[in-house]
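Beneath this line is the structure, given in structure tokens, with notes to follow.
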Amino acid sequence: MKIPHFIHVKEVGPRDGLQNEKQFISTDKKIEWINLLSSSGLSYIEVTSFVHQKWIPALADAMEVAKGIKRKEGVTYAALVPNRIGLERALEADMDEVSIFMSATETHNLKNINKSIDETFPILDEVIKDAIASGKKVRGYVSTVFGCPYEGAVPIERVKRIADRLFSMGIYELSLGDTIGIANPVQMNQVLMELLKSLPPTSIALHLHDTRGMSLANTLVGLSNGISTFDSSCGGLGGCPYAKGASGNIASEDFIYMLDAMGCETEIDFEKLLRASRYIQSLFSKSLPSHQLGLNVKGG
Ligand code: HMG
Ligand code: MG
């Protein structure tokens, strides 16, 4: 099986993982968790989002968290921004880079960011240009690529149009969101083969929620198509408040375990990552979805 050797894992737990949780994790504890993640060898951590706290109260302390973490050399600290106000806050927090986001479907886009798809483009265009002018790289997300909780199936042509438009605005990478964890491996293969006709695999990342337990299988299809960048969430935390039923992202430790076992390189220390997962689990009064946390021992 031909798959890339070096895999870039982008940790989204502190943002995607926490945004859907009812329990507010205190600023100090968020910072301690992110510092543990930094020490695990991860090279990219999405630490928070600069959205409206009325909509995402779990991340109301975004500025304090972003300013309070210990920055480790070689780690990119990123944040999600929906608009100009979000970008200004991210610049004030001195984030290394920012991520913009939108959906492939009108209904999810409207519920998530209160705009139609056409209204979203000029807002993101301005954010991307201003971020680049301020010396920041911009990553893009497109949600509901593989299915929408409101509109069902999503035509691939629509995803291609959005991808082309966001790349022409200046993003360096597009993360394809399986927001409700509905993709199956055959569909994943079809979508990737279509997108990879015009985009290099190095420009695409996969952001897979594990709602139906299919994220590892879909990841493997991504790898076999040459994709080498994946988002994951420590402990398997995660979900979108505007996509009913959406649960956690693929758990970072489950994914790293699989990559290690297959001989891929990530430069992430599995045991240190597991320590960060145990820490965040201890703060919630529930077990997190990660298989490795359940096993508690490597290979056990
Ligand atoms: P809006 O109400 O349309 O914004 O919300 P507005 O521009 O009309 O402004 C209304 C008020 O919000 C104003 O304040 C603004 O200043 C303020 P007021 O004058 O009323 O006092 N405001 C802000 N405050 C703080 N930060 C900002 C900001 N912008 C405006 N950035 C908005 C639009 C996008 C802000 C809102 O809908 C929002 O915050 N939505 C949250 C969306 C979100 O975080 N969703 C989850 C993340 S996306 C996701 O999870 C999917 C992903 O993981 C991929 C996948 O899984 O598929 C990425
Ligand atoms: Mg997500």
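Rule-based calculations on the coordinates, nothing more; no lab input. Being a predicted model, the structure only gives us computed values, none of them experimental. Please note: Cβ atoms are built from the backbone with ideal geometry, for glycine as well, and neighbour counts cover all protein chains shown.
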Sole exception among (1) without any contact (Cβ under 8 Å) to a residue 40 or more places away in the chain; (2) surrounded by fewer than 24 Cβ atoms within 10 Å (Cβ to Cβ) for Ala62, by number: (2)
Checked Gly236, Gly222, Gly248 against criteria (on the phi > 0 side of the Ramachandran plot and within 16 Å of ligand 1 (Cβ to nearest atom)); the one match is Gly236
Residue pairs meeting the criteria (Cβ under 8 Å; at least 6 apart or on separate chains; first without any contact (Cβ under 8 Å) to a residue 60 or more places away in the chain, in the stretch 173-184; second basic (Lys, Arg) and part of a strand (DSSP E or B)): Glu173/Arg139; Leu174/Arg139
Test each condition in (1) more than 15 Å from ligand 2 (Cβ to nearest atom); (2) part of a helix (DSSP H, G or I) for Ser198 and report the one that comes out false. (2)
Working carefully through the options Leu220, Leu192, Leu166, find the one that is under 30 Å from Ser39 (Cβ atoms) and not small (Gly, Ala, Ser). Leu220
The stretch 13-54, subset within 12 Å of ligand 1 (Cβ to nearest atom) and part of a loop (DSSP other than H, G, I, E, B), residue farthest from the chain's Cα centre (by Cα): Lys54
Do you know which residues across the stretch 156-179 are among the hydroxyl-bearing types (Ser, Thr, Tyr) and either touching a His at 6+ places or on another chain (Cβ under 7 Å) or buried (at least 17 other Cβ atoms within 10 Å of the Cβ) (or both)? Ser175, Thr179
From (1) free of Cβ contacts under 8 Å to residues at least 60 places away in the same chain; (2) away from ligand 2 (no atom under 16 Å from the Cβ); (3) in contact with a helix residue (DSSP H, G or I) (Cβ under 9 Å, 6 or more places away or on another chain); (4) in a loop (DSSP other than H, G, I, E, B), pick out the condition that doesn't hold for Phe167. (4)
Any residue in the stretch 209-225 that's in contact (Cβ under 8 Å) with a residue 24 or more places away in the chain: show its pairings with residues that are within 15 Å of ligand 1 (Cβ to nearest atom) and part of a helix (DSSP H, G or I) at Cβ separation under 8 Å, as long as the two are six or more apart or on different chains. His209/Ser215; Asp210/Gly236; Asn218/Met188; Val221/Met188; Gly222/Met188
Inside the stretch 116-142, can you point out the residues that are more than 16 Å from ligand 2 (Cβ to nearest atom), surrounded by 18 or more Cβ atoms within 10 Å (Cβ to Cβ) and of a type outside the set (Val, Ile, Thr)? Leu124, Ala131, Lys136
